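Below: one structure, written as structure tokens.
The values are calculated or read from the model by the stated rules, or taken from the named source; none is laboratory data. Note that the structure is predicted; figures quoted are calculated from it, not measured. Neighbour counts are summed over all protein chains in view; Cβ atoms, including those assigned to glycine, are modelled from backbone coordinates with ideal geometry. Side chains are part of the model used for accessible areas, which takes the heavy atoms of the whole protein and leaves out ligands, DNA and RNA. Shrake-Rupley method; radii C 1.70, N 1.55, O 1.52, S 1.80 Å.
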Amino acid sequence: MSAESTEQALSEETIDEQDESVDQDNSSPKASSASRLEEEGDVAADYLEELLDIADIDGDIDIEVRNGRTYISIVTEEESDSLDSLVGEDGEVLEALQELTRLSVLSATENRSRLVLDINGYRKERTGHLQKIAEDAAAAVKKTGEAVALKPMSAYERKIVHDAVADLGLVSESEGEGAGRHIVVSAD
């Protein structure tokens with residue numbers, strides 16, 4: 001083998017080793033991220049299971065990991081006013097439970113959580129309602145050319161509306177502070 005072909009073979013071998021280490025490095029964060037999200041779901045489920053037991057409320061807990069987030073759902077097969085009470089008026093109790101669950105995960109794992117908690121499909125139903133709000137605001141902006149200010153909503157709900165408005169080809173911005181934070185939809 002000539003010196004040149006030996007050098008080329010060594011170079012290719014080094015490149016192959018680098019590719020393998022890159023593949024391993026790239027899969028490692030994904031794997032650790034997935035296991036972190038699974039751990040987050042387990043901690044959250046344990047916390048919520050204990051809460052349901054204390055409150056003597058029946059419900060099944062489902063855990064799903066998708067799009068880099070943990071989604072926890074509490075559902076029941078039968079009509080349950082007690083689960084509805086965990087949602088509260090305009091989802092206020094649900095938001096509070098979500099924050100408490102996130103704090104439980106933070107306490108157990110020392111990692112901030114972006115988990116989303118849903119009870120009896122409230123968030124799914126609310127997402128459809130928020131989509132309608134975004135469509136109505138977009139139609140009003142297109143008709144009048146004037147910006148439209150929406151009612152205050154949670155950060156999670158604002159994100160849904162921002163995405164819906166963007167899909168409709170308009171612009172939205174969050175304005176205000178704290179509980180008064182709301183979205184303004186405009187043409188530019």
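Would you mind working out the accessible area per residue for the stretch 124-186, using a 1.4 Å probe, and quoting it in Å²? Mind showing how you got there, number by number?
On the way: 3730 Å² over 63 residues.
Value for the stretch 124-186: 59 Å² per residue.
Counting only protein heavy atoms, what percent of the accessible surface of the stretch 30-120 is carbon or sulfur at a 1.4 Å probe?
42
How large, in percent, is the carbon and sulfur part of the accessible surface of the stretch 124-186 at a probe radius of 1.4 Å?
Ligands and nucleic acids excluded, carbon and sulfur reach 52 percent.
Once the Cβ-Cβ distance between His129 and Ile63 is put in as r, and R0 is 30 Å, what FRET efficiency do you end up with, to the nearest 0.05?
Between His129 and Ile63 the formula returns 0.75.
For the stretch 30-120, with every protein chain kept in place, what is the accessible area per residue (1.4 Å probe, Å²)?
Using a 1.4 Å probe on heavy atoms only, each residue of the stretch 30-120 averages 60 Å².
Please work out the FRET efficiency for the pair Ala55 and Asn111, using the Cβ-Cβ distance as r and a Förster radius of 30 Å; give the result to the nearest 0.05.
0.65
For the stretch 30-120, what proportion of DSSP beta bridges, expressed in % and rounded to the nearest 5, is antiparallel?
The answer is about 65 percent antiparallel.
Could you pull out every one of the lysines with an alpha carbon less than 20 Å from that of Lys132, ignoring same-chain neighbours closer than 8 positions?
Qualifying lysines at Cα under 20 Å: Lys124, Lys142, Lys143, Lys151, Lys159.
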